[in-house]
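Notes to accompany the following structure.
The values are calculated or read from the model by the stated rules, or taken from the named source; none is laboratory data. Remember, predicted model here, so these are calculated numbers, not experimental data. We place every Cβ from the backbone using ideal geometry, glycine too, and count neighbours over all the protein chains shown. The area values use the complete protein model at the heavy-atom level, side chains included, leaving out ligands, DNA and RNA. Shrake-Rupley method; radii C 1.70, N 1.55, O 1.52, S 1.80 Å.
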Amino acid sequence: LFREVQSIPGVPAQRDLYASNRLVDLYRGPLGDEGRALVELRRLAERHPKSPEAAYAREAIAKMKRMTGAPRQS
């Protein structure tokens, strides 16, 4: 359902951000899929680059990469 919200044309930014954050929570929590969580965080940062949530997403991406030892991308 959260993925469907993201695909609705003209969906308000707040609803899109909410759906994205919930997906990240699900991937990092019960689903245990850090890779998909990273994809969602990147998507959030790209779709809403000037939002406070995008800044938090970029920080979370950097932190997750540091924890896994993955190379940083700019």
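For this structure, a couple of remarks:
- Once the C-beta distance of A62 and E4 is scaled by a Förster radius of 35 Å, the resulting FRET efficiency is 0.75 to the nearest 0.05.
- Placing unit charges on each Cβ (+1 for Lys and Arg, -1 for Asp and Glu) gives the chain a dipole about its Cα centre, and among T68, Y56, Y27 the Cα reaching farthest toward its positive end belongs to T68.
- Accessible surface of the chain [probe 1.4 Å, protein heavy atoms]: carbon and sulfur percent: 56
- With all protein chains modelled, accessible area of V11 [1.4 Å, Å²]: 30
- Karplus-derived 3J(HN,Hα), 6.51/-1.76/1.60, for each residue of the stretch 14-24, Hz, glycine and proline x: 4, 6, 5, 4, 4, 4, 5, 5, 5, 4, 4
- Among [x] 1.08; [y] 1.27; [z] 1.00, the entry derived from the coordinates for Cα Rg over 2.2 N^0.38 Å: [x]
- One chain, two ends: K50 and E34. Fully extended at 0.36 nm per residue, the span grows by 3.4 nm beyond their Cα-Cα distance.
- Heavy atoms of L23 accessible to a 1.4 Å probe, total area in Å² rounded to 10: 20
- Mean accessible surface per residue for the stretch 1-42, computed with a 1.4 Å probe while every protein chain stays in place, in Å²: 63
- Ranking by accessible area, most exposed first, for I8, I61 with a 1.4 Å probe: I8, I61
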